[in-house]
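Student: Got a structure here, written out as structure tokens. Questions coming.
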Amino acid sequence: MKIYDFNERLKDSILIADGAMGSMLHEAVGFERCFDELNSTEPEAVFRIHQAYIEAGAQIIETNTFGANRFKLAPLGLAEEVQRFNSRGVKIAREARESAAREVLIAGSIGPLGLGVQSRHPSPEEIQEIFHEQALALEERGVDFFILETFSYIEELLLAIDAIRSFSGLPIVAQLTYAEEGTTYGDVRPSDAAAQLKNKNVQVIGANCTLGPQALLPILEELAAVDGLRVSGMPNAGFPKREGDRIVYPRSSPEYFALFAREAAALGVRILGGCCGTTPAHIRAMAEAVKLLRPSKTHPAWKSIRPRASRSIASSSRSTRSWPRRKWMPSTSTAEPWPASAWTR
Ligand SMILES: [Zn+2]
């Protein structure tokens with residue numbers, strides 16, 4: 001898809017993206033060492049999830065390739081499967097699209113390398129090569145655009161963007177994930193992230209995962225206040241808990257996501273979807289909620305059409321609990337648990 005056409009599509013409309021893939025696969029096939037591998041071993045399960053999201057109203061589906069990069073696959077002995085997993089991922093998404101009665105866009109999902117939990121940190125050049133390999137495989141098989149998501153560090157996100165832009169003219173949606181205090185784990189505020197990303201030829205800048213709908217709204221509000229920026233938001237269903245081997249998500253109700261969608265639309269957000277723990281029911285509720293809405297254009301006029309304060313989920317005070325500060329490419333000797341390690345898509 002051409003950047004011009006993508007921009008035109010977002011000019012006056014809100015697009016609904018799909019919800020979680022990983023947590024849905026977790027429920028469908030149980031514990032798996034690698035969700036990306038399922039593109040080869042359980043394509044039907046992946047196909048059915050795409051189909052359920054399309055039926056729920058998703059206009060964008062994301063390939064099941066969030067972790068399909070050489071760095072993440074290598075410890076599993078799957079480093080040579082990058083091409084195959086990404087190619088299969090796009091193939092399955094295209095098959096799901098073909099079975100749909102309307103137009104659906106396919107976003108090639110690329111997640112971070114997960115450097116915090118790995119024992120070795122590659123150089124910036126190596127990082128770019130890793131993203132280049134994955135993105136090329138996705139583009140060759142026919143994605144419409146790229147979505148970079150759940151990045152905790154803007155430096156890594158910038159390397160991924162440069163890797164894509166070294167060969168590709170497809171649109172890019174670039175999403176960081178933020179902690180409770182409103183900064184990334186690398187301590188970057190949304191407005192600072194926007195300033196760094198603005199001149200990078202990315203078409204949409206957003207936030208996803210980690211926080212849940214309520215706490216994501218102030219992040220989106222800050223992004224939407226930046227002139228000329230198109231914004232996306234894909235909250236998870238709330239903070240996951242570990243129960244034995246399983247990661248269990250709280251059940252934020254679809255109605256709650258509908259309320260989030262209306263508030264985000266009023267902020268001017270152009271792409272709305274869900275992250276970990278969300279289901280087709282959440283996407284259906286969001287699609288219904290914004291069906292007749294057009295994106296707000298004149299920030300901060302949104303204040304006048306916000307829901308009453310008593311119903312507003314954005315108005316609750318943000319937690320002041322602070323997260324430990326983390327540096328880009330932290331030392332390998334850290335024994336601390338990595339808070340972002342549970343986040344995926
Ligand atoms: Zn997520």
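Values in this text are rule-based calculations from the coordinates and carry no lab data. Not measured: the values here are computed from a predicted model. All Cβ positions, glycine included, derive from the backbone under ideal geometry; neighbour counts span all protein chains shown.
Student: Sorted by mean Cβ packing within 10 Å, highest first, what order do the peptides 202-212, 25-35, 136-146 take?
Tutor: Result, highest mean first: 202-212, 136-146, 25-35.
Student: So if each residue of separation counts as 0.36 nm, and I subtract the Cα-Cα distance between S13 and S123, what length gain in nm does that give?
Tutor: 35.6 nm
Student: What length, rounded to one decimal in nm, is gained on full extension from K241 through to A225, with 0.36 nm per residue of separation minus their alpha-carbon distance?
Tutor: Extra length available between K241 and A225 comes to 2.4 nm.
Student: May I pose another question? Pop out the ³J(HN,Hα) list for region 21-27 in order, Karplus 6.51 cos²θ - 1.76 cosθ + 1.60 with θ = phi - 60°, rounded to Hz; leave Gly and Pro as x.
Tutor: So the Karplus estimates, Gly and Pro as x, are 9, x, 6, 5, 5, 4, 6 Hz.
Student: Please list 3J(HN,Hα) in residue order for region 153-170, calculated via the Karplus relation 6.51 cos²θ - 1.76 cosθ + 1.60 where θ = phi - 60°; whole Hz, with x for glycine and proline.
Tutor: Whole-Hz 3J(HN,Hα) from phi for region 153-170: 10, 5, 4, 5, 4, 5, 5, 5, 5, 4, 4, 5, 5, 5, 9, 10, x, 7.
Student: Taking H as built 1.01 Å from N, whose amide H comes closer than 5 Å to the amide H of S109, not counting residues under 5 places away?
Tutor: Placed amide hydrogens put T63, T65, I147 under 5 Å from S109.
Student: Determine the sum of side-chain charges near R189: Lys and Arg each +1, Asp and Glu each -1, restricted to other residues whose C-beta is under 11 angstrom from that of R189.
Tutor: Neighbour charge sum, excluding R189 itself: -4.
Student: For region 1-158, go through all pairs of different Cα atoms, get the mean of 1/r, take its inverse, and jot down that Kirkwood value in Å.
Tutor: Averaging 1/r across every pair of different Cα atoms and inverting gives 16.1 Å.
Student: Based on the Cβ-Cβ distance from E155 to E80, what FRET efficiency comes out when R0 is 35 Å, to the nearest 0.05?
Tutor: 0.80
Student: Now for a different question. Using mean Cβ contacts within 10 Å as the protection proxy, how do 74-85, 175-186 order, highest first?
Tutor: For the peptides 74-85, 175-186, the packing ranking is 175-186, 74-85.
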